[in-house]
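Input: a single structure, listed below in structure tokens.
The values are calculated or read from the model by the stated rules, or taken from the named source; none is laboratory data. Keep in mind the model is a prediction, meaning the values are calculated, not measured. Don't worry about glycine lacking a Cβ; one is built from the backbone with ideal geometry, like all the others, and counts go over all protein chains shown.
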Amino acid sequence: MSNFDVIVVGAGPSGLLAAGRAAELGGKVLVLEKMQQEGRKLLITGKGRCNITNDAAIGDFITHVYPNGRFLRNAFSQFFSKDIIELFHKYGVESTLERGGRYFPASNKSADVLQALLRWVNELKAEIRCGHRVEKLVVKNNTMQGIQANGKKFMARHVILATGGNSYPATGSNGEGYELARRVGHSIEKVRPVLVPLETEGDIAQKLQGLNLKNVKVVVWVNDKKTSESFGEMIFMHFGLSGPIILTLSRIVVDELHKNNKVEIIVDLKPALDEQKLDKRLLRDLNEHGKKKVGNVFRYWLPEAMVPVFIDLLQLDPEKECHQVSSKERKQIRHLLKNLRFRITNHRSFKEAIITAGGVSTNEISSKTMGSKLVAGLYFAGEMINLDADTGGYNLQIAYSTGWLAGNSCMKNR
């Protein structure tokens, strides 16, 4: 039976930040990771590039966090984006700022980010043991005593649960941490995938598979009412829709689908032009190319791959000459360019979700310490908490800040 000041469960970004900060303050720290390698999920973030954080100010940052970003104000005020950038700089990882305030490692390698965190934690003499699955928390009189892993007990007055959510379960995030928390009395808000691709009815998306659209507007309609919209980039998949703006809107879509509501997504392919301006543009092009076949003129309005799909949807004869296109047909073209409609039938699984919504209720966690309000000496960090955010480095910053605060609080509350 081993004794430690702090035991951290999970060696992802939140767990490593927690371990490093506790060790920095002089704690004897043990990190237990059930996988055979640390930070497996971190390695695949940002398609292997790792979107480290975002340069948004705290007030703005909080607006990108759901369902209660204000819970993080204290954590962000103690350890925020500039602090993690400085930490990585100290350990050899330079950062570059890209559009949308996104920071990436200059090397574009997430492995460099992970190695920097591991060098920091190892330098501070925190011990990491991989291949150790935590089976239960040892609690007596609502006070932490330690944990049991691989059939052995490890004793500590402070335990930080940083096991991640359910997304990308192959990396080790399979929701086991939620069950550990539930067994000691914590409430778990419904867990569901977010930042996740969406499945659509019909075969239009399949026909357009691989096509990437930029500068389009996407609007979510629920039960025939407009609810939300986003502008930017999307991509068609064999099963439906993905890409940054689809992932951003998926949070709303997933919740509405789970309520069995009718959900549709409407794509505006010409958001810079209102109906009147678009009509003038169509009329001008049709007049200028009066003798040309209308199927050829569609290439002025759409990416090549979309032309046959559009013509099919419009039931338009592509051999018809432009001067023969009626005002009614022109109106139908205009409408479809502004309203390409998809019925959403489902979302993809946790295997394809970037992040998990739901988790341990923030009502049962102190925002000042990340400590449990139910069990003395128990703390939470990262995706385990019922907090999730938009794409853009926001979710990783939540992991760093909550992890750092949990590690800090353990040692300050000895």
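Any residue that is β-branched (V, I, T), touching a residue at least 40 places away in the same chain (Cβ under 8 Å) and in a loop (DSSP other than H, G, I, E, B) - is there at least one of those in the stretch 36-55?
Yes.
For (1) among the hydroxyl-bearing types (S, T, Y); (2) touching a residue at least 40 places away in the same chain (Cβ under 8 Å); (3) on the phi > 0 side of the Ramachandran plot, each residue gets a yes or a no:
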site: W120; (1), (2), (3): no, yes, no
site: K125; (1), (2), (3): no, yes, yes
site: G131; (1), (2), (3): no, yes, yes
site: E135; (1), (2), (3): no, no, no
site: G146; (1), (2), (3): no, yes, yes
site: G151; (1), (2), (3): no, no, yes
site: I160; (1), (2), (3): no, yes, no
site: G164; (1), (2), (3): no, yes, yes
site: N174; (1), (2), (3): no, no, no
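Determine which member of the set F231, F239 is in contact (Cβ under 8 Å) with a residue 40 or more places away in the chain, closer than 17 Å to L269 by Cα and surrounded by fewer than 18 Cβ atoms within 10 Å (Cβ to Cβ).
Answer to the check: F231.
Name the pairs: first residue in the stretch 177-192 and of a type in the set (D, E), second residue in a strand (DSSP E or B), Cβ to Cβ under 9 Å, at least 6 apart or on different chains?
Pairs found: E179/I188; E189/A357; E189/G358; E189/G359; E189/V360.
Within the stretch 85-130, which residues are among the β-branched types (V, I, T) and either surrounded by fewer than 18 Cβ atoms within 10 Å (Cβ to Cβ) or more than 19 Å from the chain's Cα centre (by Cα) (or both)?
Across the stretch 85-130, the qualifying residues are I85, V93, T96, V121, I128.
Please work out if L180 is of a type in the set (A, V, I, L, M) and touching a helix residue (DSSP H, G or I) at 6+ places or on another chain (Cβ under 7 Å).
So L180 fails the test.
Tell me, which strands (runs of 3 or more DSSP E) wholly within the stretch 288-395 include 2 or more residues that are of a type in the set (G, A, S)?
355-360
Please go through the stretch 98-144 and give me each residue that is hydrophobic (A, V, I, L, M, F, W, C) and either farther than 20 Å from L87 by Cα or part of a strand (DSSP E or B) (or both), ordered by number.
Result: F104, I128, C130, V134, L137, V138, V139, M144.
Has the stretch 18-26 got any residue that is within 25 Å of D390 (Cβ to Cβ), in contact (Cβ under 8 Å) with a residue 24 or more places away in the chain and assigned by TED's automatic domain parsing to the domain that holds M144?
Looking for residues that are within 25 Å of D390 (Cβ to Cβ), in contact (Cβ under 8 Å) with a residue 24 or more places away in the chain and assigned by TED's automatic domain parsing to the domain that holds M144, one finds at least one in the stretch 18-26, hence yes.
For the subset of the stretch 23-39 comprising residues that are of a type in the set (A, V, I, L, M, F, W, C) and touching a Leu at 6+ places or on another chain (Cβ under 9 Å), which member is nearest to A381 (Cα to Cα)?
Across the stretch 23-39, the extreme among qualifying residues is V31.
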